[in-house]
Structures are given as C-alpha cells and as structure tokens.
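See below for the structure under consideration.
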Amino acid sequence: MNGKNVEAMGRGREYMLARFANLPLPGSITPKFLEQPSGDLATAEKALCEFRSEFGELGPEITGDKWYVYLITFRYQWYWRQANRNPEHRRPLSISIHLRGKKRRLSINEMDDASAWATSILNRNNLDVEVDFPSGRINLRPNTLIDWLVLSLIECRRKLTICANGSCRKPYFVKTHPRDRYCCKDCSDMGRQVGQQRWEQANRSAGAKRCRNRKKS
Ligand SMILES: [Zn+2]
C-alpha cells in the first residue's frame, strides 16, 4: 500500500465505504436500483479522478472501467440481506465475471451472493495472515485498498444503510447509531419536513371529512 492508501485507511471504514459507494456512475446501468448516484461521463470521471488523487489506486490491476465494475458490485452488497431480491441479480458475479479469480479452490456457486463476491476478491491476492494466539484471532492484513474496503464491508455489514430520503445524492452510508435512517442532518431535516407535511395533509382531509359529515347530519 502506498501513502495515499494509508491516508484512506486513516479516514476510517465508515467514511471510506460511503465515499467509494457514492461515487457517481456514468450514465444508466443495469440493475436499475443500483444506478443512483449517477452523472454524465465528465462528472463521473472528475469525481473518480479526485478520489484517486486523494486515496490512490484500488489495486495494481484495477484500471479504467474496472473501477466502475467494482463500484457497482460494492453498491450491490448494501442489499446483501435481500438475497432473493431478484433471481436475475442474485449473482453479482454474472455482472463481473472476471472478478471470479482463477486460483480459487472454493465452490463459490454454493455460497450466498455476498460471500461469493467477497471470497472471489480476497482470493485474488495473497493476504498476509497475522495470528494473535492469546485471543485466538486470525487477522487478514490487506495489501491493497480494494482488499481493505472489502474487509471493511464485511466488518460493517450489519450497519450498511440506504438513506431514507428518496432524493438523497449520497444514499449509501454506514450507520453509527442503530436507529439512524438518514445519512446526514440535511436529509433527516428533509425527512422531518416531509413527515410533517404528510401529517398536516392527512389531518386536513380528515378534518374536511368530519366537516362534511357534520353538515350532512
Ligand atoms: Zn441522505
């Protein structure tokens, strides 16, 4: 890992996962539910360029359009609990067949989507193994930013959340509190406003109904 990668790790798992997953994708993609945030090619390239100059490369062989392939598969993992979402999308590996890796020994077809995806990426490189005998823990030490991001995603899997504000421009986030529904204060303010408007509307129509009923009687 180079200095920029180390800088990325210093920002923390939550920050970096959101930062990566919310990079805009160029144009429209399938599956549709992973499309946002997106932008035109120039916007997407600019955001990608900024990310790279700040945090370095994902890995030695990840160049050009491969960035977007990783980005799509990363977003997909936010839905890992909904494995039956759509049989057509059950295997992110079908979107990016080259992620399977040639040296794998495990049969990834028997795993759930998220496990197969993470296994295929981590299997590509030789990760350093570090044993902490007293605690019985075996730690994997990443050599590339992509490995670190995948390990971060696994660690944060239960906290991966999509912002409840439907028009959020950076909807993928990692919640820090179990009850978090919004990615930031702006989105939560907007959510509260919409809730208030709905409540007022419902009350107004209920009030009008009561009024009509009273007139009838
Ligand atoms: Zn949001």
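Of the numbered conditions (1) closer than 20 Å to Leu71 by Cα; (2) at pLDDT 95 or above, Arg169 satisfies every one except a single condition; which is it?
(2)
Consider Leu151 carefully, then state whether it is in a strand (DSSP E or B), over 22 Å from Ala47 (Cα atoms), assigned by TED's automatic domain parsing to the domain that holds Arg19 and not basic (Lys, Arg).
No: the conditions fail for Leu151.
Scan segment 117-148 for residues that are part of a strand (DSSP E or B) and over 20 Å from Gly12 (Cβ atoms) and jot them down.
Matches in segment 117-148: Asp128, Val129, Glu130, Val131, Asp132, Arg137, Ile138.
In segment 154-195, which residue that is polar (S, T, N, Q) and not in a loop (DSSP other than H, G, I, E, B) is farthest from the ligand (Cβ to nearest atom)?
Step one: of segment 154-195, the residues polar (S, T, N, Q) are 161, 165, 167, 176, 188, 193.
Narrowing the set further to residues that are not in a loop (DSSP other than H, G, I, E, B) leaves 161, 188, 193.
Details: Thr161: 10, Ser188: 8, Gln193: 14 Å.
That would be Gln193.
So for segment 98-116 (the condition being in a loop (DSSP other than H, G, I, E, B), on the phi > 0 side of the Ramachandran plot and modelled with pLDDT of 85 or more), does at least one residue qualify?
No; the residues of segment 98-116 include none that is in a loop (DSSP other than H, G, I, E, B), on the phi > 0 side of the Ramachandran plot and modelled with pLDDT of 85 or more.
Can you tell which of Pro171, Pro142 is under 14 Å from the mean Cα position of the chain (by Cα) and touching a residue at least 40 places away in the same chain (Cβ under 8 Å)? Can you show your working first?
On the way: Pro142 fails: under 14 Å from the mean Cα position of the chain (by Cα).
Only one candidate qualifies: Pro171.
If I ask for residues that are part of a loop (DSSP other than H, G, I, E, B) and buried (at least 17 other Cβ atoms within 10 Å of the Cβ), which ones from segment 30-79 would you list?
Once the filter is applied, which keeps residues that are part of a loop (DSSP other than H, G, I, E, B) and buried (at least 17 other Cβ atoms within 10 Å of the Cβ), segment 30-79 yields Gln36, Pro37, Gly56, Glu57, Leu58, Gly59.
The values are calculated or read from the model by the stated rules, or taken from the named source; none is laboratory data. Everything quoted here is computed from the prediction, not taken from an experiment. All Cβ positions, glycine included, derive from the backbone under ideal geometry; neighbour counts span all protein chains shown.
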